[in-house]
Structures are given as structure tokens and as C-alpha cells.
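Everything below concerns the one structure shown next.
The values are calculated or read from the model by the stated rules, or taken from the named source; none is laboratory data. Keep in mind that what you see is a predicted model, and the values were worked out from it rather than measured. Don't worry about glycine lacking a Cβ; one is built from the backbone with ideal geometry, like all the others, and counts go over all protein chains shown.
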Amino acid sequence: MPIFPKRAQLSSPVSIVMPVCNEADIIEEVVEEWACEVIRFLPEGSELFFDEAASTDGTREILERLKTKYPFLRVEYHEKKEGFAKAARNLYLSSKCPLVFFTDSDGQYVASEFWKLAPFAERFDIVHGAKIGRQDPLPRKMASAIFNRVARFVFDEHYSDINSAFRIVKREVIDYLLPRLRCMPTLLNAELLLRAEMENYAIKQVRVIHRKREHGVSRGLPPMRYLNECLKAYRGLLELKDEYRQ
């Protein structure tokens, strides 16, 4: 594993934010990994912040126990599932630090890859982590590849893995762009990146490792709903392009 000069890379505190629902098989391992590999090297005032959506498998109880061990751990609980987009919005809005790092809680992203992004965090408005060798089921990989190709054609941009959940965003970018995200509700991170590109924010893309899911199963949408959401995403791309063309 490469060694990074971790302690010297960031002067601003970071909110590491993750949506979570029914991840009891992996969530403790995720928290421990991020605590060991990242949080302990960050400036004072940094936090690990979860938006928990009505888990029924013991995820809540595990997080409550871990809060007594790690004072930087913060959890906001919800009594019903309201979807990824709402959880993502809440995490971005309710995080406390000048830098916000968004990622998933399923353990597929490698915590130490954060240090590939960190050197650019204070020089760029967004540091976008694009997955190398995506370790997901074939249908998801194919759908993602098609969406990325279409987005690159429509917007004439060069980013890959546009909806990746591994990125550092400056607080002022969130404050300005988040209220304007309306075209692709399911792919909120994709719209955030595309709007930032159209608004001429400074963006740095970095390749990061993606690993197989070791525990639990990916909770994808049913086939018909998935198809419907794909169509909405493509319409969203055209709406967004039309908005900036005007």
C-alpha cells in the first residue's frame, strides 16, 4: 500500500458523509476502516456523518455503540426510507465542515484512496474520484457506461464515472449549487458535477480503486423502475443542457 504524507495535506476540517440503510454486516468494518485510515489524520473538528434511513437489521444499534467509541461519529436517524437523493441532500446540507467528502457505506470504496484526492482538495472546488475497474453487477456497469458516454457527448466533457460517490466538495460550491439541483433527482451527484462544470468551477478527476462487495447485497431498483429512472436521467441531461444553452 502506498504511503502518503497524510498529516500535512489538509488544513481545513472535513465532513466525511455517507447514506446508510441496512448495512449491519459491514457498517462496523466501514467505520473502523475510515477511523484508522483517514479520520485520525484529519484536522481537529472533522466528522464522520451518517444519514440512516429506517434500518431494520441492527445497523442503528451498531452505530449507537460506535458513537460511544468515536466522538467524531455523528448519525441522523429517520423513521422512514425517503430515497438516496433526499439522504444525499441532507448530508450535504447538514455537514459541518468547510470540505465535504461524500461516499457510500457499503465498503466497496477503499478508505485509503481518500489520500489520492486530498492533495487537490484546497486547490480545486471539486475533486472527483472516478472508479477503476468497477466491481458491480454487469447490468449496473453497462447502464453506467452508457449514461457516462451520453453525458460526455451532450456536454462535451471528459469526466468518467460521473455519478461516482467518492468526491471532495468545497462548502461554498454546495451552498450555491445544491438548491439548483432539480433535473436528475436519482443521480444527484452526477448533476452536481455537470453543473459545476457548466459553472466553470475548478474540478480535478482522480482514479480510485473499487472493490467487490464482501457482505450483503446491492439494493438496486426493480427492473421496470430502474428503466423508468434511466429514462428520467436521460431527460434530465437534456433539460440541464437546455437550461445552460439558454
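So, of the residues in segment 43-76 that are touching a residue at least 12 places away in the same chain (Cβ under 8 Å) and of a type in the set (Ser, Thr, Tyr), which turns out to be farthest from SER12 (Cα to Cα)?
Ranking the qualifying residues of segment 43-76, first place goes to THR56.
Name the strands (runs of 3 or more DSSP E) wholly within segment 1-119 that hold at least 3 residues that are crowded, with 16+ Cβ neighbours inside 10 Å and either in contact with a Pro (Cβ under 8 Å, 6 or more places away or on another chain) or at pLDDT below 95 (or both)?
47-53
I want to confirm something. Restricting to segment 80-108 and keeping residues that are in contact (Cβ under 8 Å) with a residue 24 or more places away in the chain and of a type in the set (D, E, K, R), which single residue is nearest to ARG213 (Cα to Cα)?
Among residues in segment 80-108 that are in contact (Cβ under 8 Å) with a residue 24 or more places away in the chain and of a type in the set (D, E, K, R), the one nearest to ARG213 (Cα to Cα) is ASP106.
For segment 120-150, name all the residues that are modelled with pLDDT of 85 or more and charged (D, E, K, R).
Passing the criteria: GLU122, ARG123, ASP125, LYS131, ARG149.
Note down all Cβ pairs under 8 Å where the first residue falls in segment 109-126 and is hydroxyl-bearing (Ser, Thr, Tyr), the second is surrounded by fewer than 23 Cβ atoms within 10 Å (Cβ to Cβ) and part of a helix (DSSP H, G or I), and they're at least six residues apart or on different chains.
SER112/GLU37
Does at least one position in segment 217-227 carry a residue that is among the aromatic types (Phe, Trp, Tyr), surrounded by 14 or more Cβ atoms within 10 Å (Cβ to Cβ) and modelled with pLDDT of 85 or more?
Our first condition is that a residue be among the aromatic types (Phe, Trp, Tyr); within segment 217-227, this holds for 226.
This time we only want the ones that are surrounded by 14 or more Cβ atoms within 10 Å (Cβ to Cβ), so: 226.
Those left that are additionally modelled with pLDDT of 85 or more: none.
No, that holds for no residue.
Restricting to segment 177-187, name every residue that is surrounded by fewer than 20 Cβ atoms within 10 Å (Cβ to Cβ), touching a residue at least 12 places away in the same chain (Cβ under 8 Å) and not in a loop (DSSP other than H, G, I, E, B).
LEU178, ARG180
List, please: which pairs have Cβ atoms under 7 Å, are six or more places apart or on different chains, and start with a residue in segment 25-42 that is in contact (Cβ under 8 Å) with a residue 24 or more places away in the chain and end with one that is among the basic types (Lys, Arg)?
Here the result reads PHE41/LYS6; PHE41/ARG7, each pair linking segment 25-42 to a residue that is among the basic types (Lys, Arg).
Which one of ASP175, ASP161, ASP156 is at pLDDT 95 or above and charged (D, E, K, R)?
ASP175
Take VAL154 and decide whether it is surrounded by fewer than 19 Cβ atoms within 10 Å (Cβ to Cβ) and either touching a residue at least 12 places away in the same chain (Cβ under 8 Å) or under 16 Å from the mean Cα position of the chain (by Cα) (or both).
On the way: surrounded by fewer than 19 Cβ atoms within 10 Å (Cβ to Cβ): yes; either touching a residue at least 12 places away in the same chain (Cβ under 8 Å) or under 16 Å from the mean Cα position of the chain (by Cα) (or both): yes.
Yes: the conditions hold for VAL154.
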